[in-house]
Amino acid sequence: MRTTYSGLQKGLHWIIALLVSGMIPAGFIFTDFDNKAAIEGVFGVGSFNVFYNMHKSTGFLILFLMLLRVVVKLVSRKPEYEVPLTGPEKAASGAVHGLFYVLLIALPVRVWAGVSAYSAPLPVYGLFDMPPLVAKDRDLSEALFEFHGLIAVIVAGLVFAHIGAALYHQFVKKDGLIHRMTG
């Protein structure tokens, strides 16, 4: 009976977790254009665009890794639990994980479309540019970006719920659940 995820599954989980954990605060700092003068005052002229392009690039990376994670999930078996989850735990886990998958794929696609509609560059770490998804349309761009921050806050809430549940299982229930992703 296998009780841990594969190395690939663990690697994808932790890389995406680190990227998302960095993207949320960076997004609130660097994608608010009101902060441009302050950021460039600290980091130098042009630094705002560098940070903003890094934020967009990392969004594309998260999208790619999430799509890879979906493929791996479809072809891999889920490890067994050492101690079975209760019904409410299964429901909460399924809801949180499902929302993670939906939001971490939908959010970058929505932003990709929004940046495309704004007709701004779509760089990926200076290596190449992603093609635009839609034609230039400022109204569409604004509509697509309208809930970007709210969705990021929801993702942040899911991150805290996920970490809280892992800590609960580790230190309160002591059921070995965390070893599925660390062992």
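The values are calculated or read from the model by the stated rules, or taken from the named source; none is laboratory data. In this text the structure is predicted, and so the values were computed from the model without any measurement. Note that each Cβ is placed from the backbone with ideal geometry, even for glycine, and that neighbours are counted across all protein chains shown.
Values for this structure:
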read-out	value
Elements of type helices (runs of 4 or more DSSP H) in segment 4-115, at least 1 residues being closer than 21 Å to MET130 by Cβ	7-30, 47-75
Top-ranked residue in segment 120-142 [being among the acidic types (Asp, Glu) and in a helix (DSSP H, G or I); ranked as nearest to VAL109 (Cα to Cα)]	GLU142
Within segment 129-180, tally of residues that are closer than 15 Å to SER21 by Cβ and touching a Phe, Trp or Tyr at 6+ places or on another chain (Cβ under 7 Å)	1
Answer residue from segment 61-71, given it is within 10 Å of the chain's Cα centre (by Cα) and more than 12 Å from LEU8 (Cα to Cα) and is surrounded by the most Cβ atoms within 10 Å (Cβ to Cβ) among those	MET66
Pair list, Cβ under 6 Å, 6 or more apart: segment 121-139 residue touching a residue at least 24 places away in the same chain (Cβ under 8 Å) and on the phi > 0 side of the Ramachandran plot, other residue polar (S, T, N, Q) and surrounded by 16 or more Cβ atoms within 10 Å (Cβ to Cβ)	TYR125/SER57
Search result, residues across segment 11-40 that are exposed (fewer than 15 other Cβ atoms within 10 Å of the Cβ) and among the charged types (D, E, K, R)	ASP32, ASP34
Within segment 169-183, tally of residues that are without any contact (Cβ under 8 Å) to a residue 12 or more places away in the chain and either hydrophobic (A, V, I, L, M, F, W, C) or loosely packed, with under 15 Cβ neighbours inside 10 Å (or both)	3
Enumeration of residues in segment 155-168 that are surrounded by 13 or more Cβ atoms within 10 Å (Cβ to Cβ) and either of a type outside the set (Ser, Thr, Tyr) or not in a helix (DSSP H, G or I) (or both)	VAL155, ALA156, LEU158, VAL159, ALA161, HIS162, ALA165, ALA166
Unique residue being over 18 Å from the mean Cα position of the chain (by Cα) and modelled with pLDDT under 95 when the list is GLU89, GLU82	GLU82
Segment 143-154, residues that are assigned to a helix (DSSP H, G or I) and surrounded by 10 or more Cβ atoms within 10 Å (Cβ to Cβ)	ALA143, LEU144, PHE145, HIS148, GLY149, ILE151, ALA152, VAL153, ILE154
Complete set of residues in segment 1-45 that are hydroxyl-bearing (Ser, Thr, Tyr) and more than 24 Å from PRO84 (Cα to Cα)	SER21, THR31
